[in-house]
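Read through the structure below, which is laid out as structure tokens, and then see the notes.
The values are calculated or read from the model by the stated rules, or taken from the named source; none is laboratory data. Quick caveat: nothing in here was measured; it's all calculated off a predicted structure. Note: ideal-geometry Cβ built from the backbone for every residue, glycine included; neighbour counts use all protein chains shown.
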Amino acid sequence: MESLTALKTGEAGIVEKVTGGRSFVSRASAMGFTSNVELTMLQNFARGPLLVFLRDSQIALGRGEAEKIKVRRK
Amino acid sequence: MAVSEKTVPAAKTFTIALAGQPNTGKSTVFNRLTGSRQHVGNWPGKTVEQKTGVFDIAGKHYSLVDLPGTYSLTANSLEERISRSYILDERPDLVIAMVDASQLERSLYILAELVMLPAPVIMVLNMMDVAAEQERRIDVKELEQALGIKVVPMSAAKNQGFAELQAAIAQASMGELDYKPQKPGLKEEHTLLIKDLQQRISRLIPYAYPVDWAAMKLLEGDSELVETLRERMKKDEWAQLEAILGQYPDGALLVAESRFNWIQEITAQAVSSPERRRLPLRSRFDRAATHPLWGKLIALAIVLAAIMGSMLVGAPVAMGIMSGMTLLSGVLSKAMAGMPAWLAAAVVNGLVPGLSFALAMLAFVLAVFLVIGILEDVGYMARLGYITDRFMQRIGLQGKAFMPMFMSFCCNVSGIMGARVIDSWKQRLIVIALVPIIPCAAVWGVTGFISSIFFSTGASIIVAAMLVAVVLQLALSSFLLRRFVVTGESGGLIMELPPYHKPDWKNIIIFVWLRGKEFVKRAGSLIVLVTMLIWVLSYLPYGSMESSYLASFGRLLEPLGGLMGMDWRLIICLIAGFVSKEAALASMAVVFGLGEAASSLTAVLGTTAEQVSLGAYLATAISPATALAFYLPCCFPYPV
């Protein structure tokens, strides 16, 4: 299990867990980040926010937020 | 569990709430239904914009309330609280849920929440054309059956589906629509848990709350509900409940998952894509627009073009208004020759300059909102937030704050009005508190002008140095605000980058028109009032500026202002600037006389500067300008 930030551009993964405060978990899960959902990393440069594709949508998230989302590689 | 409810015809005006996630075409539907019969205000006691409107179908009157666009209805943000408490407490007769057919799975999420609430729902399935381009087939009849609610397919951008929506609304208002929604439930292993929770809270929750909804929200850890129950429960009861909830730290995740499972069940039969799309079709432009380097260059180019564009539109109009007003005051002073001198003076020297400044400001506000409206409508605004996020994080803000902050360089008022795009309430508060630090175009005009007089070729360096100073001050103030005033978890960046759309001009024009109207009502009248007040003070008691109350007040402060090389007239302008920077310019026009404002300013600064040594010379040159940039200005954006 690793953080979402570990996925490189183009790699796919499956969400295992969303950690962090209640408000973050609730916000992230409403945007589609729930357990067992498949996602693809669209853009991950070494710095700056990430771009992820899941549930038909492009979602941008900061590195700090991505750290809280745990995935397993596919 | 399906509960049968019928939509009931109401004797009063049939009230409809429009709900949906951001970027689902909510505002398009709102504008098409109500046309120009709409009103922008704030939700009572909140800093969140509320749009309401009215329309008629076949002679029957309807009122429409636009709920804030949110991704869910948990009490995380102010918007979410507003949406759900409106539905729970005000009980609209109908809720229209906007759903994006091209992003069906995610955008259905809010419907999963809405069907748990007591108001009947119909669903508008927008962007059917985009879904068709993706070769996704959606069987609307099948979807209707699976959901148990009315579904209206729509392609708002192509003007398709509005007649059907109106028909559905009319039907609902006659009580002719069946409403038997399938509600999402938790997995079987949690049925007992939910039953138990329901039993514990059923007599304690507010009357308006459905108990099955409340139990789910409790498991999600909904802060509002938890607070209510903690207050209402006996100590031991609450301790028991807290212990049960403590066993499910992932409650929010469990509930969200159950909603997405519900969505998958519903769509399994009704939706078929040739092959599950793994990746979006990202255009080359979008790749570039989100690239750390190219994206920044594109953002810079677009933002500069936007600022210049709005200046190009705004400036000539403003100039035209100003020269028109000068003409007008000439004509008026002749026409009013027969009237009492004070009345003519009040109109020519007080009212006309005040009005002309307010109108000139309006030109800029409209231009800025035109630009914001276009960028927002085509979907670029979110990219801008994404690309500037890293830089903004450095000064403790998020990317979404970029555009309002940047627009503040054009005009603080539009910056503060634009701060509504920021979804986190805390961030919005910080931005609103920070915006007045940013010198707006008017101040830059003054600054550029002054520095060019004193430093000729070095002027650009001075201006650049001041820009750096402003950014540093923003960072410092933001740090202090977050440290001491607006504390607590500030929402980090997590946002959708919506697909690009062609601009919908009708939408944009209505957007600009409403903002302009709001500005005139709130800020415009204040500017006119301030200039009138300054004029009255400068006229009384003897009808001449030199011996007026204003002058004696200014002279009183002259020793203080003298330190900064200002005479009493500049001090007055500075004081007026506490109310608004624009008022400072306006009062400059009154105090120095309209046409002479600029030249008098030079003269005043020039003569002071000649009398002092070189070191003081530099200090005088910089300090009025920096003072203008640094003092706490602009009170009038706050009512906005």
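Descriptive notes on the structure:
- Residue match in the range B:134-148 (condition: closer than 23 Å to B:Ala112 by Cα and touching an Asp or Glu at 6+ places or on another chain (Cβ under 7 Å)): no
- B:Glu113 being part of a helix (DSSP H, G or I), crowded, with 24+ Cβ neighbours inside 10 Å and either touching a residue at least 60 places away in the same chain (Cβ under 8 Å) or not assigned by TED's automatic domain parsing to the domain that holds B:Ile169 (or both): yes
- The set of residues in the range B:119-140 that are at pLDDT 90 or above and in a loop (DSSP other than H, G, I, E, B) comprises B:Ala119, B:Pro120, B:Met127, B:Asp139.
- Test: residue in the range B:151-162 that is without any contact (Cβ under 8 Å) to a residue 40 or more places away in the chain, of a type outside the set (Phe, Trp, Tyr) and farther than 23 Å from B:Asn507 by Cβ: yes
- Residue within the range A:52-61 that is under 20 Å from B:Glu220 (Cβ atoms), more than 9 Å from the chain's Cα centre (by Cα) and facing chain B (nearest Cβ under 8 Å) present: yes
- When B:Glu227 is tested against (1) surrounded by fewer than 14 Cβ atoms within 10 Å (Cβ to Cβ); (2) away from chain A (no Cβ under 14 Å), exactly one condition is not met: (2).
- Within the range B:231-264, if we keep just the residues that are among the acidic types (Asp, Glu) and exposed (fewer than 12 other Cβ atoms within 10 Å of the Cβ), the residue that is farthest from the other protein chains (Cβ to nearest Cβ) turns out to be B:Asp236.
- B:Thr24 fulfils the conditions (1) more than 14 Å from every other protein chain (Cβ to nearest Cβ); (2) under 24 Å from B:Glu113 (Cβ atoms) except for a single criterion, (1).
- One residue from A:Val25, A:Val71 being assigned to a strand (DSSP E or B) and out of contact with any His (no Cβ under 7 Å at 6 or more places or on another chain): A:Val71
- Looking at A:Arg73, A:Arg47, just one residue is in contact with an Asp or Glu (Cβ under 9 Å, 6 or more places away or on another chain) and either basic (Lys, Arg) or facing chain B (nearest Cβ under 7 Å) (or both), and that residue is A:Arg73.
- Residues of the range A:26-41 classified as buried (at least 21 other Cβ atoms within 10 Å of the Cβ) and either more than 7 Å from chain B (Cβ to nearest Cβ) or closer than 14 Å to B:Met495 by Cα (or both), total: 10
- Counting the residues of the range B:391-405 that are within 10 Å of chain A (Cβ to nearest Cβ) and assigned to a helix (DSSP H, G or I) gives 3.
- Across the range A:15-25, the number of residues qualifying as surrounded by fewer than 21 Cβ atoms within 10 Å (Cβ to Cβ) and under 24 Å from B:Ser223 (Cβ atoms) comes to 6.
- When the range B:38-74 is filtered for residues that are surrounded by fewer than 22 Cβ atoms within 10 Å (Cβ to Cβ) and outside any strand (DSSP E or B), the ones remaining, listed by number, are B:Trp43, B:Pro44, B:Gly45, B:Lys46, B:Thr47, B:Val48, B:Ala58, B:Gly59, B:Gly69.
- Any chance A:Ala66 is at the interface with chain B (Cβ under 8 Å from one of its Cβ atoms) and crowded, with 22+ Cβ neighbours inside 10 Å: no
- Whichever residue in the range B:58-74 is within 12 Å of chain A (Cβ to nearest Cβ) and under 20 Å from the mean Cα position of the chain (by Cα) and, among such residues, is modelled with the lowest pLDDT: B:Thr70
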